[in-house]
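This report refers to the structure that appears directly beneath it.
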Amino acid sequence: MSISDNFLKIREAGSLAADTLDEVTPFVQPGVKTEKIDKICYEFIRDNGGHSAPLFYRGFPKSCCTSTNHVVCHGIPGNKELRDGDIVNVDVTAVVDGWHGDTSRMFAIGEISPKSKSLIETTFESMMKGISIIKDGISTGDIGYEIQNYVEKKGYSVVRDFCGHGTGKKFHEQPNILHYGKKNSGVKINSGMIFTVEPMINIGKYDTKVLQDGWTAVTKDKTFSAQFEHTVGVTNNGYEIFTKSKKNLDKPSYIL
Ligand code: MF3
Ligand code: CO
Ligand code: CO
């Protein structure tokens, strides 16, 4: 299969993943249990010709991740209700015809603090800055550098313990995309490669720990954390984002 055949496949998976986040958007409100968001993800992906990659992946029990407030990533949907002032990341990965589309966004529950808004906005911008320089011939470290440079100037920190990843026929594959680093370091990026950019940004220190459930990663200092994720493909002179929202819901409405 040629590069463009791969892109045709991943476009479908990415588009379904993005549509799924569009679908859950109106439900991500105060009083909603995160398991309700999970159910919508599961059913919407199933009903549109795909399946959810997270379900039973390495024993993960649900179809998406919901990471609230000081949860950095891999939060497990459950019976806890979202409350006014919470910030939550919903991360979905749709598999279509064996290909993975992986994307996440932040949602503001009711009225959130200016600090939370600024964290979310910085995180979104850092992801877009990292993506904006992608083209054939750059290095993974160039992406990390863009993100880290932007985020640290604002006084936030870049999580080290989790990173972006190659994706395609496998959920997670080489290369690792670190969200910090030095220009010209890491591995070379070539046209045709498909990977995610998914910075996790903390208000406080970058250290994380995983809770007893074996999945939920939280900030050690309990400060809030935010994340956005797109799946992208590298072209000769740029990139293609496969997980864009068709409804322009990529960022929370108060930023638009
Ligand atoms: N979607 C996550 C990522 O961006 C991975 C979740 S793994 C799971 O790579 F098992 F927690 F679903
Ligand atoms: Co990912
Ligand atoms: Co993801």
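What the table shows:
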{"item": "For the chain: relative contact order, % (alpha-carbon pairs under 8 angstrom, 6 or more apart)", "result": "22"}
{"item": "Point-to-point label distance, S4-V210, nm (Cα→Cβ direction, 7 Å offset)", "result": "4.2"}
{"item": "Additional length obtainable on full extension of the chain from S191 to F171, 0.36 nm per residue less Cα span", "result": "5.2 nm"}
{"item": "GNM result for the chain, Cα springs below 10 Å: residue of D161, D19, D91 fluctuating most strongly", "result": "D161"}
{"item": "Sorted by Cβ neighbour density within 10 Å, fewest at the top, the residues I45, I37", "result": "I37, I45"}
{"item": "Mean residue ellipticity (222 nm) of the chain, computed from DSSP H runs ≥ 4 via -39,500 (n - 2.57), nearest 500", "result": "-9000 deg cm²/dmol"}
{"item": "The chain: most fluctuating residue of S104, S67, S191 per GNM, C-alpha cutoff 10 Å", "result": "S191"}
{"item": "Which listed pairs, of K39/K205; K36/K246; K170/K246; K33/K135; K129/K220; K170/K209, have C-alpha distances above 30 Å, in listed order", "result": "K39/K205; K33/K135"}
{"item": "Distance from region 10-66 to region 118-144 (C-alpha centre basis), Å", "result": "25"}
{"item": "Computed label-point distance, nm, for sites N237 and D47 using a 7 Å Cα→Cβ extension", "result": "4.3"}
{"item": "For Y206, distant residues with modelled amide H under 5 Å away", "result": "none"}
{"item": "Free-standing Cys residues across the chain, given no other cysteine C-beta under 4.7 angstrom", "result": "C65, C73, C163"}
{"item": "Among L21, L211, L178: highest mean-square fluctuation, GNM of the chain, C-alpha pairs under 10 Å", "result": "L211"}
{"item": "Separation in nanometres of the label points that stand 7 Å from Cα toward Cβ, at S253 and N149", "result": "3.6"}
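Just so you know, all these numbers are worked out from the coordinates, no wet-lab data involved. For clarity, every value in this text was computed on a predicted model and none was experimentally measured. Neighbour counts are summed over all protein chains in view; Cβ atoms, including those assigned to glycine, are modelled from backbone coordinates with ideal geometry.
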